[in-house]
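Below: the structure, in structure tokens.
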Amino acid sequence: MRRPLIVGNWKMHGTRPQAAALAAAIRDGLTSVEDREVAVAPPFTAIECVAHVLGDAPIALAAQNAHWEKEGAFTGEVSPLMLQELGCRYVILGHSERRQYFGESDAMLQRKIRAVLHAALRPILCVGETLAEREQGRTLEVIQRQLEGALLDLDPVAIGAVTVAYEPVWAIGTGKVATPQQAQEVHAAIRAWLHAWIGVAANDIRILYGGSVKPENIDDLMVEKDVDGALVGGASLQAESFLRIVQFRHRQ
Ligand code: PEP
């Protein structure tokens, strides 16, 4: 059984007081979550104060990126070890904004995934096609290339520790959500590839959907059998909408 995971990606939003207030509102509004897992990914500068506010609430901390080295002359970067020290459990890697604006390649992601796992953190690997790629009928080819580029040289145990987030680029921050069927088609293909690489262990890998997830569409997305949770951007910046997403109706 895969335990659903809902992750709020705060991106570059929130001073420390703003982040602390949002974290407190999520902490205080959270009702029973035994059958699901919740995480928030504040900006680096707010991770420590959010950790303090969350205390022992059942909300994990995630980072939005990490470098592949432990330390060194890499101005502006943050290492997995530093994130582990702050109490992070997850690290989002390969978000389309990082691929698009900061030139992150699949080869870099492979190094990052290894480093994150080495620091006993769990990578959330984002993959997704652009609108042009979807319109050309190349969605599955693009996702397969991204998965192979980032994962194929890893050993099966390492691949088994990765969470995948399918985030169609055309759906991120646009209000255009993939239909549950579109999401399921890609999630099923991702699981089939993982199955071909690592066998039945692929059944335990969580595949999240991301892209304009809102309180209005989460229940329908979560009905799909290979949708194991969500990576939420804009709607995670308001406690009320994030909490409603966290309280999605469980699939039967
Ligand atoms: C994201 O950035 O990961 C994301 C899914 O954003 P949004 O929910 O705002 O589309």
Q: Please give the per residue volume of the convex hull enclosing the alpha carbon atoms of segment 58-117, rounded to a whole number of Å³.
A: 88 Å³
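Taking only DSSP H segments of four or more residues, each worth -39500 (n - 2.57), what value at 222 nm results for the chain once the sum is divided by all its residues, to the nearest 500 deg cm²/dmol? Each step should come with its number before you reach the end.
Details: 11 runs with 107 residues, N = 252.
That calculation yields -12500 deg cm²/dmol at 222 nm.
If you keep only loop residues by DSSP, which trypsin sites (Lys or Arg not before Pro) in segment 147-213 have at most 16 other Cβ atoms within 10 Å of their Cβ?
Working: sites: 176, 191, 206; in loops: 176, 206.
Passing sites in segment 147-213 are 176.
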Q: For segment 136-206, state what percent of all Cα-Cα pairs lands in each successive 5 Å bin, counting from 0 Å until the bin that includes the largest distance.
A: 3, 15, 27, 25, 15, 10, 4, 1
**Q.** Added length on full extension, which subtracts the Cα-Cα distance from 0.36 nm per residue, residue 89 to residue 188
**A.** 33.0 nm
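Taking only the Cα atoms of segment 86-137, how large is their convex hull per residue, in Å³?
Values: hull volume 4.8 nm³, N = 52.
Normalising the Cα hull of segment 86-137 by residue number yields 92 Å³.
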Q: Find the accessible area per residue for the chain; the probe is 1.4 Å, ligands and nucleic acids are left out, and the unit is Å².
A: 45 Å²
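What number comes out for the charge environment of residue 244, summing +1 per Lys or Arg and -1 per Asp or Glu over other residues with Cβ under 14 Å away? If you can, show how the numbers build up before the last one.
Numbers: positive: 36, 214, 249; negative: 216, 219, 220, 240.
Net local charge, residue 244 excluded: -1.
Taking the Cα centre of the chain as origin and charging only Cβ (+1 Lys, Arg; -1 Asp, Glu), how large is the dipole, in debye to the nearest 20?
Taking the Cα centre of the chain as origin, the dipole is about 140 debye.
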Q. Which residue, chosen from 4, 91, 149, occupies the Cα position most advanced towards the positive end of the dipole of the chain, where the dipole is computed from +1 (Lys, Arg) and -1 (Asp, Glu) charges on Cβ about the Cα centre?
A. 4
Q. Which lysines have a Cα lying under 28 Å from the Cα of residue 214, excluding residues fewer than 8 positions away in the same chain?
A. 11, 176, 225
Q.
Please report, ordered by residue number, every helix of the chain (full DSSP H runs) that is 24 Å or longer along its axis going by C-alpha atoms and whose mean Kyte-Doolittle hydropathy reaches -0.5.
A. 180-198
Q: Please report, to two decimal places, log10 I(q)/I(0) for the chain at q = 0.09, 0.10, 0.13, 0.15 Å⁻¹ as given by the Debye formula with identical point scatterers on the Cα atoms and no solvent.
A: -0.35, -0.43, -0.76, -1.04
Q. Gap in Å between the Cα centre of segment 21-88 and the Cα centre of segment 91-163?
A. 20 Å
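The values are calculated or read from the model by the stated rules, or taken from the named source; none is laboratory data. Computed from a predicted model, the values in this text were never measured in an experiment. Note that each Cβ is placed from the backbone with ideal geometry, even for glycine, and that neighbours are counted across all protein chains shown. Ligands, DNA and RNA are excluded from the accessible area calculation, which covers all protein heavy atoms including side chains. Shrake-Rupley method; radii C 1.70, N 1.55, O 1.52, S 1.80 Å.
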